[in-house]
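Every number here is computed from the coordinates shown, using simple stated rules; none is lab data. The shown structure was predicted, so the numbers you read here are calculated from the model rather than taken from an experiment. Here the Cβ is made from the backbone with ideal geometry for all residues, glycine too, and neighbour counts use every protein chain on show.
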Amino acid sequence: MISDEPRAGGCACGEEIPEAEKFRRLDEIIAEYRGKPGGLIPVLQIAQGIFGYLPDEVVRHIARGLEVPYAEVAGVVGFYSFFSTKPRGKHTVRVCLGTACYVRGGKQVLDAFKKELGIDVGDTTGDREFSLDVARCFGACGLAPAIMVDDDVHQRVKPARIREILAKYRSPAPEAKGVSA
């Protein structure tokens, strides 16, 4: 997979890059890959790194820049689950619904995440802290039900533990100024 390190415009520092700068960086990447066989997927990966997701405006910009039909670019974005057309959260929660996890309570775990986060599968919380997805298997069937938060696997998850698990990933609340304890 192509990295979205500094060359691509991805920044782990949390500062927001102006939209015009994002498109300038995307144009540099498009120019680098224009005419190269197999260049579409790397451009989409880097674009997602720059923008955080692939809104329709970006997909159309890539299609024009690479001189590829919009339908082809949109088809690739829709086919690969790695690509997202919706803003994604800082953390991605994936609940396994493979057979073992489902039988051992995976559906109840998913329902608890939906309730706690206030979102449905494929959505992102309003604060863009969490996105919620389902998966089919993490290879932890003997310790089902399993979930992943980013790259961390949690096993034997119970709905009652959802809040505790999420607390490990939540950003600290900003401190109120001028208030003493």
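Annotation for the stretch 55-151: trypsin sites (Lys or Arg not before Pro) lying in DSSP loop with at most 11 further Cβ atoms inside 10 Å of their Cβ are Arg136.
Which shape class applies to the stretch 1-151: rounded if a/c is under 1.5, otherwise prolate when a/b exceeds b/c and oblate if not, where a ≥ b ≥ c are the square roots of the Cα gyration tensor eigenvalues?
Note, shape of the stretch 1-151 comes out prolate.
A Cβ-based charge dipole, computed about the Cα centre of the chain with Lys and Arg at +1 and Asp and Glu at -1, lands at about 740 debye. From the largest down, the stretch 91-167 spans 34, 21, 19 angstrom on the principal axes of its Cα atoms.
Counting only GluC sites (Glu not before Pro) that DSSP places in a loop and that have at most 11 other Cβ atoms within 10 Å, the longest clean stretch of the chain runs over 68-174.
Net charge in the neighbourhood of Ala144 (other residues with Cβ under 9 Å of its Cβ; Lys, Arg +1, Asp, Glu -1) is +2. Thr124 sits among other residues whose Cβ lies under 12 Å from its own Cβ, and their net charge, with Lys and Arg +1 and Asp and Glu -1, is -1. Converting phi to 3J(HN,Hα) with the Karplus coefficients 6.51, -1.76 and 1.60 and the offset θ = phi - 60°, the stretch 79-93 yields 6, 8, 5, 5, 7, 10, 9, 10, x, 10, x, 4, 10, 10, 9 Hz in sequence order, with x at every glycine or proline.
Under the rule of -39500 (n - 2.57) per DSSP H run of 4 or more residues, summed and divided by the residues of the chain, what mean residue ellipticity at 222 nm is obtained, to the nearest 500 deg cm²/dmol? My calculation for the chain gives -11000 deg cm²/dmol from helical runs alone. Straight-distance candidates among the aspartates and glutamates for linking to Lys168, with alpha-carbon spacing under 14 Å and chain neighbours fewer than 8 residues away dropped: Glu129, Asp150, Asp151, Asp152.
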